[in-house]
1. Hey, could you check the stretch 97-126 for residues that are under 17 Å from residue 186 (Cβ atoms) and of a type in the set (Val, Ile, Thr) and say which is surrounded by the most Cβ atoms within 10 Å (Cβ to Cβ)?
2. Here is a list: 37, 74. Which entry is in a strand (DSSP E or B) and surrounded by fewer than 17 Cβ atoms within 10 Å (Cβ to Cβ)?
3. Could you check, for the stretch 203-211, whether at least one of its residues is of a type in the set (Asp, Glu) and closer than 17 Å to residue 84 by Cα?
4. Mind listing just one residue for me: the one in the stretch 182-204 that is over 21 Å from residue 2 (Cβ atoms) and more than 9 Å from the ligand (Cβ to nearest atom) and, of those, least open to solvent (accessible area, probe 1.4 Å)?
5. Does the stretch 23-34 contain at least one residue that is closer than 15 Å to residue 175 by Cβ and among the small types (Gly, Ala, Ser)?
6. Given the residues 131, 148, which is the only one that is of a type in the set (A, V, I, L, M), touching a residue at least 24 places away in the same chain (Cβ under 8 Å), more than 11 Å from the ligand (Cβ to nearest atom) and under 19 Å from residue 76 (Cα atoms)?
7. Do any residues in the stretch 92-120 that are over 30 Å from residue 134 (Cβ atoms) have Cβ atoms under 8 Å from those of residues that are open to solvent by 40 Å² or more (accessible area, probe 1.4 Å) and of a type in the set (Gly, Ala, Ser), where the two are at least six apart or on different chains, and which pairs are they?
8. Taking the condition assigned to a helix (DSSP H, G or I) and closer than 22 Å to residue 121 by Cβ, does residue 63 pass?
Amino acid sequence: MKIGIIGAMDIEVAELIESMENIKKEEISGITYCQGTLNGKDVVVAKCGIGKVHAAVCAQTMILKFSPDAILNTGVAGSLNAELGIGDLVVSSRVVQHDFDTSGIGDPVGLISGLNLIEIPCPEKLVEKVADSARELENTKVFTGTIASGDQFICSMEKKNYIVENFNALCAEMEGAAIGHVCYLNKVDFCIVRAISDKADGSAHMDFPSFVQIAAKKSINLINNFLKTVS
Ligand code: ADE
């Protein structure tokens, strides 16, 4: 079993790459793919860059070149739920693209043209395994549900409310649903793991730089726990 791991920013994957053994690096389209072992398990790890296009390029290339059995996306997110505080974890059971909007021609908001879906589901078995690994972490709430992605840093109540009202999502980030979209097209299992770095409201621009490191580390800890369970 080979696990693909994608993070958008250095801080979200650097520690994983530093802990890898037998590492081989290959750069394709500006993204470096690191193949090797982590906790004794076969992995390919990449920093994709921020946003849905970077994430999609990375996931598609990873699938074609390195054939992972499943892809996990690790990183941070803005909370859309009052129960989810800084450092808490969200494990995706489905992903949505909150900025996909063809409602002007009569479609529901968020409908992904071509797929004819609003929500892209994650495989239940994988979600349960990842959520179990998350529950091993101390002093951390773990929620499972919808993660919303879009090419926007969410930092206003207006935008936050729009995403909650339309998609009932637990957190907002900028890559997960693009990775989910690519995995869905390629029939590859995927799950998105995010630790909360801010509340996606008017304080997000202050909280994000203060808490991004703590949150990124929490998500990495979850990934390490998960890898221990992989056969
Ligand atoms: N990643 C972390 N916080 C975020 C936010 N508020 N919006 C989008 N992506 C994020």
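1. 120
2. Working: 74 fails: surrounded by fewer than 17 Cβ atoms within 10 Å (Cβ to Cβ).
Result: 37 is the single residue among 37, 74 that is in a strand (DSSP E or B) and surrounded by fewer than 17 Cβ atoms within 10 Å (Cβ to Cβ).
3. Residues of the stretch 203-211 that are of a type in the set (Asp, Glu), as a first pass: 207.
After this cut, where a residue has to be closer than 17 Å to residue 84 by Cα as well, the list is 207.
Yes, the stretch 203-211 has at least one match.
4. Residues of the stretch 182-204 that are over 21 Å from residue 2 (Cβ atoms), as a first pass: 194-204.
Among the residues that remain, those that are also more than 9 Å from the ligand (Cβ to nearest atom) are: 195, 202-203.
Numbers: 195: 0, 202: 52, 203: 43 Å².
Looking at residues that are over 21 Å from residue 2 (Cβ atoms) and more than 9 Å from the ligand (Cβ to nearest atom), I get 195.
5. Restricting attention to the stretch 23-34, the residues satisfying the condition of being closer than 15 Å to residue 175 by Cβ are 31.
If we keep only those that are among the small types (Gly, Ala, Ser) too, we end up with none.
Looking for residues that are closer than 15 Å to residue 175 by Cβ and among the small types (Gly, Ala, Ser), one finds none in the stretch 23-34, hence no.
6. On the way: 148 fails: more than 11 Å from the ligand (Cβ to nearest atom).
Result: 131 is the single residue among 131, 148 that is of a type in the set (A, V, I, L, M), touching a residue at least 24 places away in the same chain (Cβ under 8 Å), more than 11 Å from the ligand (Cβ to nearest atom) and under 19 Å from residue 76 (Cα atoms).
7. Going by the 8 Å Cβ cut-off, the qualifying pairs are 102/113; 107/113.
8. Yes, satisfied.
The values are calculated or read from the model by the stated rules, or taken from the named source; none is laboratory data. All figures in this text were calculated on a predicted structure; none of them were measured in a lab. Counting neighbours? That spans all protein chains shown, and the Cβs are built from the backbone with ideal geometry, glycine included. Remember, those area values only see protein heavy atoms, side chains included, never the ligands or the DNA or RNA. Shrake-Rupley method; radii C 1.70, N 1.55, O 1.52, S 1.80 Å.
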